[in-house]
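Trainee: Next up is a structure, given as structure tokens.
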Amino acid sequence: MKRIKTDFGPLINDRASLWKRVAAFIIDLFIIYLAVSPLTVVLAKEIGIDNSIGFSTIKNAFYDQEKFANASRIVIIIMATISLMSLFYWTMLEYYFKQSIGKMLMRISVVSLTKELKLWQILVRNITKASSVTSLSILFLIDIIYMLFNANRQRLSEVISKTEVTNAN
Amino acid sequence: MQINKFLMAFLVIAAIWIASFGVSKIIENENNLGNTIMILPIKGVIVSDGGSTGLFGEESTVSSDVLEKLDSIEGDDSVKAVILEINSPGGTVVASKEIAEKIKKLNKPVVAWIREYGASGAYWIASSSDYIVADELSVTGSIGVIGSYLEFSRLFDKYGVDYERLVAGDYKDAGTQYKKLTKNERDMLQKKLNLIHKKFKEDVSRNRNISSEKIDDIANGIFYLGYEAYELGLVDKLGNKEDAISKAKELANIKEVKIIEVKEKRSFIELLSRITSKEFYYAGRGLGDALAKNDFGISLT
């Protein structure tokens, strides 16, 4: 176990492993997609994944330019809504319990490198994750790449928010 | 504390689900157009595949595109009826027949609205609909089959070009442009055309409930103006778009309806290629004329 000293608070001596964090993320994604299933059904219709065709499906939006633009608009609205709901999920649970459901199951939790965990920290650390829920976000990609090269295995947003993920007691 | 944690998690998920449900309902309500009638264009020459068939990017209808659209319309419960906006001189046999058969099997009322032209293959398609509206001066009918082509053997003779015939199967090059048809070849090809014509007539006879004797009289390739076609029973009504919509509503048994016209999206590149191909044609034609008149002092021989 590595011990690193931080400027702001307690020693972090039990950092959560990468595979636990990835597993927790996948579990959370699964739960989020279950929770937003009414929206994903509408999204699937709009992009023509299912066999029934709504008027605004992008795939079959040959009706006219207005319908095509409308379909695109609806898809963007749905994706943005799902991202916001993801952010709500992570923020609510990590702020009050320092753990999302995925983290609870993997027995890891969020700790603040300052005295106490604040709401802004939770929001900042989760914004890039939430933005990547519906499409690969460049911000989340930067986050992940930074983490791979960071000695503390912190994502860039975690460095900014001064948080880390450790094994829960 | 553990129970509170899971309870809180459950409440968060429930709140998200409820919010998603609400948003999805709002989106579906916004998108709901109610009852609709689709106006599907059949314009230009009807072909099986590819884009335009003309040299210069002339408009055409590709049967595979139409079939795809009809499949979509068939699966869409909000579409109560279809109007085929026909402005086509006809097209290839299989392409026209494919669309006609699909129209017949469609589970919704179909009204054919013939504008300038609804002849030959386009009429085949129209005849398979439930009702035909045409203008009194529309050109329709032309229930026949054409297989004519240019034959260049004498031109080749003039310039000392020979056609070397190498075939296995006597009729393999029947219909080639490089030699004249033999009597047997002509008879064979004519038989094929007659078979296609027979199928065409039978379909129209069945679709329009016209006796085979009468259809033999009228389906001799002649085209008819709208009012003539009306008298012969080839169209149901002389009218316009409003008449077609009105009939579609009646057949679908609906009063309030939204009309949606299917339009092809054309990319900028497609539009540009159409314009430039026409320009190049006229440029080439002008050059060709000038050369032929020997305006440049250049000889072609």
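Trainee: Given the structure, is residue B:34 loosely packed, with under 13 Cβ neighbours inside 10 Å, modelled with pLDDT under 85 and away from chain A (no Cβ under 13 Å)? It would help to see each step written out before you state the result.
Mentor: Details: loosely packed, with under 13 Cβ neighbours inside 10 Å: yes; modelled with pLDDT under 85: yes; away from chain A (no Cβ under 13 Å): no.
When the stated conditions are applied, residue B:34 does not pass them.
Trainee: So, in segment A:76-119, of the ones that are more than 14 Å from residue B:9 (Cβ to Cβ), at the interface with chain B (Cβ under 10 Å from one of its Cβ atoms) and surrounded by fewer than 19 Cβ atoms within 10 Å (Cβ to Cβ), which residue ends up modelled with the lowest pLDDT?
Mentor: That would be A:77.
Trainee: Taking the options B:239, B:286, name whichever one is closer than 24 Å to residue B:110 by Cα and either modelled with pLDDT under 90 or surrounded by 13 or more Cβ atoms within 10 Å (Cβ to Cβ) (or both). Lay out the reasoning, then the answer.
Mentor: Working: B:286 fails: closer than 24 Å to residue B:110 by Cα.
Testing whether each residue is closer than 24 Å to residue B:110 by Cα and either modelled with pLDDT under 90 or surrounded by 13 or more Cβ atoms within 10 Å (Cβ to Cβ) (or both) leaves just B:239.
Trainee: When the residues of segment B:63-91 are narrowed to those that are among the small types (Gly, Ala, Ser) and farther than 17 Å from residue B:43 by Cβ, which ends up surrounded by the fewest Cβ atoms within 10 Å (Cβ to Cβ)?
Mentor: B:75
Trainee: Right, here's the next one. Look through segment A:129-148, keep the residues that are surrounded by 21 or more Cβ atoms within 10 Å (Cβ to Cβ) and away from chain B (no Cβ under 14 Å), and return whichever of them is farthest from the chain's Cα centre (by Cα).
Mentor: Applying the filter and picking the extreme gives A:143.
Trainee: Follow-up question, since we're still on this one. For the condition assigned to a helix (DSSP H, G or I), modelled with pLDDT under 90, under 22 Å from residue A:137 (Cα atoms) and more than 7 Å from chain B (Cβ to nearest Cβ), what is the one hit in A:21, A:73?
Mentor: A:73
The values are calculated or read from the model by the stated rules, or taken from the named source; none is laboratory data. The model shown is predicted, which means the values in this text are computed figures rather than measured ones. Quick reminder, even Gly has a Cβ in these numbers, built from the backbone with ideal geometry, and neighbours come from all protein chains shown.
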